[in-house]
1. Short version: ³J(HN,Hα) in whole Hz for each residue of the range 385-400, in order, from phi by Karplus 6.51 cos²θ - 1.76 cosθ + 1.60 (θ = phi - 60°), x for Gly and Pro, what are they?
2. With the contact rule set at Cα under 8 Å and sequence spacing of 6 or more, what percent relative contact order holds for the chain?
3. Accessible surface of Asp406 in the full protein assembly, 1.4 angstrom probe, to the nearest 10 Å²?
4. Using the heavy atoms of the protein chains and a 1.4 angstrom probe, tell me the accessible area per residue for the range 1-71 in square angstrom.
5. At a Cα cut-off below 17 Å, give the aspartates and glutamates reachable from Lys499, other chains included and same-chain residues fewer than 8 away excluded.
6. Positive end of the charge dipole of the range 395-457 (Lys, Arg +1 and Asp, Glu -1 on Cβ, about the Cα centre): tell me which of Ile433, Ala417, Tyr407 has its Cα farthest that way.
7. Ignoring ligands, DNA and RNA, what percent of the 1.4 Å accessible area of the chain is carbon and sulfur?
8. When the solvent-accessible surface of protein heavy atoms is calculated with a 1.4 angstrom probe, in what order do Glu170, Glu259, Glu438 fall, highest first?
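The values are calculated or read from the model by the stated rules, or taken from the named source; none is laboratory data. Note that this is a predicted model, so its numbers are computed, not measured. Cβ coordinates were reconstructed from backbone atoms using ideal geometry, including for glycine residues, and neighbour counts include every protein chain displayed. Side chains included, ligands, DNA and RNA excluded: accessible areas come from the protein's heavy atoms. Shrake-Rupley method; radii C 1.70, N 1.55, O 1.52, S 1.80 Å.
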Amino acid sequence: MQIPPIATPEATAQWRDRHPAIPFRRLGSTGLWVSAAGFGGYRIDRPNATHRAALREALTRGINLVDTSANYTDGSSEQLVGELLQELMAGKLLERSEVVIVTKGGYLQGENFARSQQRRAAGEPWPDLVEYGPGLEHCLHPDFLADQITRSLERLQQMAIDVYLLHNPEYYLGWARKFDLPAEEARPEYERRLALAFDHLEKEVAAGRIRCYGISSNAFPNPVASPDFTSLDRVWQLANRVAIDHQFRVIQLPMNLLETGAATEANQPQDRSVLELAADLDIGVLVNRPLNAVAGSNLVRLADAPDLDQMADPELADGLIEELVNQEQRLQGAIFAIDIPFRTQQEFAATTSGGRLLRERWRGFGTLSNWRDVRDGYLLPRSRFAVQFARRRPELPAEAQGWVDDYERKVAETLAAITAVYQAEEQERLALIRNRAEQADPDWGGVRPFSQTAVRALVSTAGISSVLVGMRRPDYVHDVLTALEKAPPARNRRPGWEKLKAAQ
């Protein structure tokens, strides 16, 4: 039987030797050597030339691990990875055996979700399907995984995948909790589904379609009492039950300067952390979210906040919001005075209600990232629609047309003032986190920008095989490469992570 092209220990070792400026780590018992930072494909999109250029830069400068998933940009991420790999191989810039491809399956969104609805309508739904929410399902059943691996191979233009991960299987536990299924029933069912998936993935290894497998779970670092906690020890026992010589080789989990649980939470036997148990079992560990920390319900970007375009002044923001509310009311009055359907009037009122929303909630969005999501995903689209709608009404008096211009300017001024406040708060927050990191471990200090500090802390921690960074622009690639070149040696950094945890 012909062995499909995959990454090999020998070729990845040769790649490592040709890139001495970059630290490499062994990916657990796979024997593969991977760059200490990998290219995270979460938001890369095939039509985006900048994303393509960034991936090219990473692969030609020494990064040899690419992480993607079937649901990243609805399969477009895998397509971009596949196309660029073929292009670079055709140009003799790399060989397939030198690059480690990681992808995942489990989510049904976008096209996967649409196909699922078609199957349901035909009376052939996927078995063990978790109907998690609108437009979102999850499945680990062998029939679904077989389909997903086939589709991933096609998009990646590969005969085999190096590492295939079950993508956040704990969604089942979240679903069970939502529907009040008792833990004593949910846990055994969860493990049954995992064991069934492992058994199928062993068959995929034997068929040569994947080299090895594992789990990507946000719940690995959680406390034992957490409802969706996924225990590496239990997972390992399941794999041993499925096959003595099983190919469960890699896990993926979140870790960063705020989310320290992978190193500090003693949630495994003998008071070990998941990182420590993974090292004892010789399991490769991939870390995600290195620069995007989830703190409670807030997202904190662990990179330097942009310079302020104007002084942060909360009182100015309050005043501008009141002026915006007045502008909205005046414009609504002009629109309501013309002869248009009542429903259209109500729709226009809904698009010009941002001022009232901000009056009630602008101080409560938490972080700059959260505020930007509200600004760019909700407020700006609605205000632009309102402006376009009003300008297309020839029956609107000339005076009112001027009010449209006033409204547009006031929206811009108000959003800019609020953004300045959140930027200033973000700068203070990041300065505090940076100070804590430098006090926690001297090796983590002394570098700029802050994103390099965040990457440096992870890369220097023994037990982490590769840190997955979303390098969507070439300058992000250069930033990561600089962090790698300056990285201190990898060693046991648990004391430093414990200090960080205690300081929060």
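1. Each residue of the range 385-400 in turn: 4, 4, 5, 5, 4, 5, 6, 8, 9, x, 7, 5, x, 4, 4, 5 Hz.
2. 17
3. 40
4. 43
5. By straight Cα distance, Lys499 reaches Glu259, Glu265, Glu438, Asp441, Asp443.
6. Ile433
7. Here it works out to 50 percent.
8. So, going from the largest accessible area down, we get Glu438, Glu259, Glu170.
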